[in-house]
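Asks: My questions will all concern the structure given below.
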Amino acid sequence: MMKAIISISVLSILLLACTTAQINQTLHEVNKAMATDKPLTTAEVGEGLKEALVNGISKGSDRVSQLDGYFKNPEIKIPFPPEAKKVEDKLRQIGMDKQVDEFIMTLNRGAENAAKEAKPIFISAIKQMTIEDAWSILKGNDNAATNYLQRTTSAALKEKFKPVIQTSLDKVNATKYYSDLVNTYNKIPFVEKVNPDLNEYATNLAMRGLFLQIEKEEKNIRKDPLARTSDLLKRVFGTQQK
């Protein structure tokens, strides 16, 4: 009660020095602030989390799908397949640095191209999320929503994303580069022949890079009020800072 009296007194003093337009704006902000004090519903929490994740994947996908989005980002750059590291080492030893470097670049170009196609796949999965775990996600760690999405959708997303990756790898000739490199290596006397699944490898790392970008955006929305670009986001995530 005392808090309300003080608030009214302060408002009365301020209103004396304001124009009509300023008064209306002030009242609008007060009403808006009062409205946000209402308890959050489960539906609001669920929709807020979905909106945050859609924002995250949209910004993340846009960021990594640009030229060098993967290739020049050390956090998510896709290297030569680790299980074929001996292939890379051996080929560099025989003077094929340029060919190996070109393959790594085309591998990342494939992921960048695939990221453009990934956005609707991820957003569709996000919109189908249930709100059963909404409150625990909201009150969880800075990456709780991303972890939930990764845990519950990765298998289905991967099946949809693999053909997108394969098409992208073929488009930038990464598949051909890799086939040529592996064939060259396998012709070297006394080496153990290898042929790792490039699509599987690229799919896993491309998805990992996208989830990393989602996680960054989720942390940003949780911590920075300016990153909450809608009233719903402000209301849902603002409650956690009170």
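The values are calculated or read from the model by the stated rules, or taken from the named source; none is laboratory data. Quick caveat: nothing in here was measured; it's all calculated off a predicted structure. Note: ideal-geometry Cβ built from the backbone for every residue, glycine included; neighbour counts use all protein chains shown.
Asks: Assess whether residue 137 counts as being more than 30 Å from residue 90 (Cβ to Cβ) and β-branched (Val, Ile, Thr). Before the answer, list the steps.
Replies: Numbers: more than 30 Å from residue 90 (Cβ to Cβ): yes; β-branched (Val, Ile, Thr): yes.
The answer is yes for residue 137.
Asks: Taking residue 121 and the conditions (1) modelled with pLDDT under 90; (2) β-branched (Val, Ile, Thr); (3) outside any helix (DSSP H, G or I), which numbered condition does it fall short on, given that it satisfies the others?
Replies: Unmet for residue 121, out of (1) modelled with pLDDT under 90; (2) β-branched (Val, Ile, Thr); (3) outside any helix (DSSP H, G or I): (3).
Asks: I would also like to ask the following. Just for segment 52-77: of the residues that are part of a helix (DSSP H, G or I) and surrounded by 20 or more Cβ atoms within 10 Å (Cβ to Cβ), which one is modelled with the highest pLDDT?
Replies: Residues of segment 52-77 that are part of a helix (DSSP H, G or I), as a first pass: 52-64.
This time we only want the ones that are surrounded by 20 or more Cβ atoms within 10 Å (Cβ to Cβ), so: 52-53, 55-57, 60-61, 64.
Numbers: 52: 80, 53: 78, 55: 82, 56: 78, 57: 77, 60: 83, 61: 84, 64: 90.
This residue is 64.
Asks: So, one more: Somewhere in segment 135-142, is a residue touching a residue at least 12 places away in the same chain (Cβ under 8 Å), of a type in the set (Ser, Thr, Tyr) and either farther than 15 Å from residue 201 by Cα or surrounded by 14 or more Cβ atoms within 10 Å (Cβ to Cβ) (or both)? Step through it out loud before you land on a result.
Replies: Residues of segment 135-142 touching a residue at least 12 places away in the same chain (Cβ under 8 Å): 135, 137-139, 142.
Filter again for of a type in the set (Ser, Thr, Tyr), leaving none.
Checked against the condition, which is being touching a residue at least 12 places away in the same chain (Cβ under 8 Å), of a type in the set (Ser, Thr, Tyr) and either farther than 15 Å from residue 201 by Cα or surrounded by 14 or more Cβ atoms within 10 Å (Cβ to Cβ) (or both), segment 135-142 yields no hits at all.
Asks: Could you please find all residues in segment 86-103 being crowded, with 20+ Cβ neighbours inside 10 Å and among the β-branched types (Val, Ile, Thr)? Before the answer, list the steps.
Replies: To start, the set of residues in segment 86-103 that are crowded, with 20+ Cβ neighbours inside 10 Å comprises 87-88, 91, 103.
Scanning segment 86-103 gives a single hit, 87.
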